[in-house]
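Structure first, commentary second.
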Amino acid sequence: MQLKDKVFVVTGAGNGMGRQVALGLLSQGARVALVDLSPSALEETLQLAPAGARASTHVVNVSDSDAVSALPDLVIAAHGTVDGLVNVAGIIHRFAPVTELDSNECQRIINVNLWGTVNMCMAFLPVLRQRPVASLVNISSLSALIPFAGQTFYGATKAAVKQFSEGLYQELSGSNIAVTTVFPGNISTNISANSGVKMIDAGGRKVRATGPEAAGSQIVEAIKKGSFRAVIGADARILDALVRLSPKRATDIIARQMKSVL
């Protein structure tokens, strides 16, 4: 997909991977509707944009279905159409066994990670279907491919995003819409602070992480190629390969690592 003059909607655009995806698209000549819950974060992204006139900001809670339903008309009013949607917005819960999470915590994770993605897709798919070529990108997680104790419920929502996204790929196969599912490993963003939770102490061990700039660049490349999947980060690629070879062994390795830090 050629990006120049195309219009993309990017959620979670106020920071981290969402910001870097938006900036990467803008740098290649696209127009971008920046979507986030934080007005100040959106303003920071806009200030960093290489071409502010090609970007618009939209303060929206993606878990609010009514607000999301109104968004396509707002984006079209600002940019004329929509050629692509990148669902980056997501949160984690506090690091704890699933039995220690209360129902409100669980519901919040479902609302943002799963329903936020579903709401955006349902709102924009009718618009994307009208374009000659379109792109739909959903951010899942390495946690959808292999579980991480202490983030079990988060992983469950991201696994649901994987199934939903790859199901859409099947349903839209042969259409004008390329569906890409992204599986980032550990990305050095402030997702913990944005989620209102405290990051766990790794016990002095160096934790492998990919920078948000590199992650954003890889997502933009996946959009251009119309990739089926993008697995981001050396940690994600290694664990993805290991879990394919030996699911139990890979799961046991992660279990031991997480037990030592929980």
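Of all the residues in the range 118-171, those that are basic (K, R), farther than 20 Å from D73 by Cα and in contact (Cβ under 8 Å) with a residue 40 or more places away in the chain number 1. Take the range 88-109 and flag every residue that is more than 18 Å from A160 (Cα to Cα) and not small (G, A, S). Answer for the range 88-109, where residues must be more than 18 Å from A160 (Cα to Cα) and not small (G, A, S): R94, F95, P97, T99, E100, L101, D102, N104.
A quick yes/no check of all residues on (1) farther than 21 Å from L25 by Cβ; (2) modelled with pLDDT under 95; (3) in contact with a Lys or Arg (Cβ under 8 Å, 6 or more places away or on another chain):
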{"position": "A55", "(1), (2), (3)": "no, no, yes"}
{"position": "V60", "(1), (2), (3)": "no, no, no"}
{"position": "V75", "(1), (2), (3)": "no, no, no"}
{"position": "I92", "(1), (2), (3)": "yes, yes, no"}
{"position": "E100", "(1), (2), (3)": "yes, no, no"}
{"position": "R108", "(1), (2), (3)": "yes, no, no"}
{"position": "P132", "(1), (2), (3)": "no, no, no"}
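For F124, the test of being surrounded by 19 or more Cβ atoms within 10 Å (Cβ to Cβ), of a type outside the set (K, R) and in contact with a strand residue (DSSP E or B) (Cβ under 9 Å, 6 or more places away or on another chain) is passed. In the range 206-243, the qualifying residues are those that are part of a helix (DSSP H, G or I) and polar (S, T, N, Q), and the one that is surrounded by the most Cβ atoms within 10 Å (Cβ to Cβ) is Q218.
The values are calculated or read from the model by the stated rules, or taken from the named source; none is laboratory data. No experiment lies behind these values; they were computed from the predicted model shown. Cβ atoms come from the backbone with ideal geometry, glycine included; neighbour counts cover every protein chain shown.
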